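Accompanying notes for the structure given below.
The values are calculated or read from the model by the stated rules, or taken from the named source; none is laboratory data. Everything numeric here is computed off the predicted structure, so don't read it as measured data. Heads up, the Cβs are rebuilt from the backbone with ideal geometry, glycines too, and the neighbour counts pull from every protein chain shown.
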Amino acid sequence: MADKFIITEWEQDLLRRMELPLPTLRPEERLRRRLARRNERKIYKDKCDLTGKPMISLYSPDKPYKVYSQDAWWSDDWDESEYGRDYDFNRPFFEQFYELQLAVPRLSLMNTKGENSEYCNITTSNKNCYLVFGGDYNEDCMYSTFCFHSQDLHDTYFVEESKLSYELIDCVKMYASKYCRNSQNCRDSVFLYDCRGCSNCTFCVGLRNKEYHIFNKRYSKDEYEAKMKEFDFGSYSAVEEMKKKFDEFRLEFPHKFANLVNTENSFGDNLVNTKNAYNCFDISGPAEDLKDVYLAGWGIKDAASSDHVGHAGCELFYEMLGSISGVNCAYGSFVWHANDTHYCDMVVQNSHDLFGCTNMKKASYCILNKQYSKEEYFKLRARIIEHMKSTGEWGEFFPMNISPWAYNETIAHDLFPMTREEVSAAGLKWIEEEEKEIGSGADIPDSIDDVGDDILDKSLVCKKSGRPYKINEKELKFYRRLRIPIPRLAPETRNEVRLSVRNPHQVWDRKCDKCGADIRTSYSPERPETVYCEKCYNEAIYG
């Protein structure tokens, strides 16, 4: 029996306004299906199929696609409508779209206005950044995802307006801090959780506007500085023990049921400035009238079952991925500044009225990349929709088996992991990581103080995944400056660890652990944290 899920009256009204059918899959499966078309972090060296010049690409060289470098793709040196084709009513739509997808040149990378930041993706306006994904307006950042307006960050996830910091997760306006989560406006601190406005605090939880605290205990400045000398933050073994001890300490304090800031009639987690947001996560408002939306905001309204979407003018979105500033768009991926599109992939630059198109710029009234008059377009579009209804395709997002990427190259694998055998059984693609003969890898000194420059020439092996990795010169300088031990995990594995400690994009109905009030929280009932409603949490934190 299929899983049951709720379709609210508001969602039904949205679908009526957009003339779309009701969904057949529960929200989590719709999200998985969309994310199977988002390769965010797997990048490769290749050559442009137009110019032959070397490039960094989202597509491994063995992929069957034509891939153009960013400069070539955005240029006027080719015409995407030349790949247009007639619609065949004797064949399923998705089969025809997949063939079009194979023929039309694809954009190698989504990395605009960068300076010395070639190894970044889904980014804009970064300078001197390396392996930054989904982050914009940064300088001298490395190994970070969704960092914004920041400088000198390494190994962070969802961080804004921060500087000279390491291993931050869900933090804003941090300076010279390490190993912090869910904290804001703090500086010169190590191992913080849920702290605000703190400085010179270490191993602290739930503090507000404090300084010189260790394990939530107040010290004088001199006492604090003397006590800090007892902790060797440059030692890998010592830091690993500190992580365990701090995680145990964190569990002694109540956790707020959800991070909701200036919200009205909203539930989910990490919501800021939202109104009528139902089962949503990681939303930066203003945003209103949303359901099952993940990582979005900045002016979005009237959207459902969409992720990585938003910005001003974004309205009437359904089953959209990685799309910005459009109106009345459904079942699409990477639709930028385009209106009235259905089943489109990578269409941009004020395009409108497109159906089943891929990799087009400034286009209108096209179906399968073929140009039509306005009258012809709407007549044929109506016929195709009826045909798709008969095949069971209308109202379904692109199936995962026609994704341009293997399942384990996509964000779907991060949030919904599957084994190679499970992927194969589902009829999906799997890519093997390139194997390199490096043996057990070089030994790494326990303390950063004992690491010589020769580490730059050594091949290291991730102790968890077996992935090979190296340390670069800029990275080593950063570790020495902040007295950070050389990591024993490869960059991709470190990102997986950061993802694993964030709460899932799911809510449970449970009771406040203090007063028994009903709460909707991303903390499942089986978790060890003590979870309070907002009233009890505020009383515990502020007294």
- Message: Just to be sure before I move on: is residue 421 more than 29 Å from residue 282 (Cβ to Cβ) and assigned to a loop (DSSP other than H, G, I, E, B) in the structure I sent?
- Response: no
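Being within 30 Å of residue 8 (Cα to Cα), in a loop (DSSP other than H, G, I, E, B) and not aliphatic (A, V, I, L, M) is the filter here, so list the residues in region 229-288 that pass it.
Correct list: 257, 259, 265, 266.
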- Only residues that are hydroxyl-bearing (Ser, Thr, Tyr) and touching a strand residue (DSSP E or B) at 6+ places or on another chain (Cβ under 6 Å): list them for region 460-482, please. 469
- Criterion (out of contact with any Asp or Glu (no Cβ under 8 Å at 6 or more places or on another chain), within 30 Å of residue 388 (Cβ to Cβ) and touching a residue at least 24 places away in the same chain (Cβ under 8 Å)) met by exactly one of 402, 411: 402
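Over 30 Å from residue 295 (Cα atoms), of a type in the set (A, V, I, L, M) and touching a residue at least 24 places away in the same chain (Cβ under 8 Å): is that true of residue 448 in this structure? Walk me through how you get there before you give the answer.
Details: over 30 Å from residue 295 (Cα atoms): yes; of a type in the set (A, V, I, L, M): yes; touching a residue at least 24 places away in the same chain (Cβ under 8 Å): yes.
Yes: the conditions hold for residue 448.
Any chance region 135-157 includes a residue that's among the β-branched types (Val, Ile, Thr) and either at pLDDT below 95 or under 19 Å from residue 40 (Cβ atoms) (or both)? Quick ask: steps written out before the conclusion?
As a first pass, look at region 135-157 and keep what is among the β-branched types (Val, Ile, Thr): 145, 156.
With either at pLDDT below 95 or under 19 Å from residue 40 (Cβ atoms) (or both) added as a condition, the list becomes 145, 156.
Yes, region 135-157 has at least one match.
Does region 226-235 include one or more residues that are free of Cβ contacts under 8 Å to residues at least 24 places away in the same chain, of a type outside the set (Asp, Glu) and in contact with a strand residue (DSSP E or B) (Cβ under 7 Å, 6 or more places away or on another chain)?
From region 226-235, those free of Cβ contacts under 8 Å to residues at least 24 places away in the same chain are 226-227, 229-230; that's our starting set.
Now drop any that are not of a type outside the set (Asp, Glu), which leaves 226-227, 229.
Still in the list and also in contact with a strand residue (DSSP E or B) (Cβ under 7 Å, 6 or more places away or on another chain): 227.
Yes - at least one qualifying residue is present in region 226-235.
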- Query: So which residues in region 197-228 are part of a strand (DSSP E or B), surrounded by 15 or more Cβ atoms within 10 Å (Cβ to Cβ) and either at pLDDT below 95 or on the phi < 0 side of the Ramachandran plot (or both)?
  - Reply: 199, 201, 202, 204, 205, 211, 213, 214
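Take residue 320 and decide whether it is in a strand (DSSP E or B), over 20 Å from residue 395 (Cβ atoms) and aliphatic (A, V, I, L, M).
Working: in a strand (DSSP E or B): yes; over 20 Å from residue 395 (Cβ atoms): no; aliphatic (A, V, I, L, M): yes.
So residue 320 does not fit the description; no.
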- Message: Please pick out the residue among 263, 274, 358 that is in contact (Cβ under 8 Å) with a residue 40 or more places away in the chain, β-branched (Val, Ile, Thr) and either on the phi > 0 side of the Ramachandran plot or in contact with a strand residue (DSSP E or B) (Cβ under 6 Å, 6 or more places away or on another chain) (or both).
- Response: 358
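Would you mind finding the one in 476, 482 that is at pLDDT 95 or above and within 14 Å of residue 167 (Cβ to Cβ)?
Details: 476 fails: within 14 Å of residue 167 (Cβ to Cβ).
Result: 482 is the single residue among 476, 482 that is at pLDDT 95 or above and within 14 Å of residue 167 (Cβ to Cβ).
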- Task: Search region 79-106 for residues that are surrounded by 15 or more Cβ atoms within 10 Å (Cβ to Cβ) and pair each with any residue that is of a type in the set (Val, Ile, Thr) and assigned to a helix (DSSP H, G or I) when their beta-carbon atoms are under 8 Å apart and the residues are at least 6 apart or on different chains.
- Result: 87/384; 92/391; 93/384; 93/391; 94/402; 97/402; 98/402; 101/402
- Query: In region 46-61, is there at least one residue being out of contact with any Lys or Arg (no Cβ under 7 Å at 6 or more places or on another chain), over 28 Å from residue 499 (Cβ atoms) and surrounded by 19 or more Cβ atoms within 10 Å (Cβ to Cβ)?
  - Reply: yes
- Message: Of everything in region 345-386, what is under 23 Å from residue 34 (Cβ atoms) and loosely packed, with under 14 Cβ neighbours inside 10 Å? Give them in sequence order.
- Response: 349
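Among 212, 166, 175, which is the only one that is within 19 Å of residue 498 (Cα to Cα) and among the aromatic types (Phe, Trp, Tyr)? It would help to see each step written out before you state the result.
Working: 212 fails: within 19 Å of residue 498 (Cα to Cα); 175 fails: within 19 Å of residue 498 (Cα to Cα).
Checking each option against the conditions leaves just 166.
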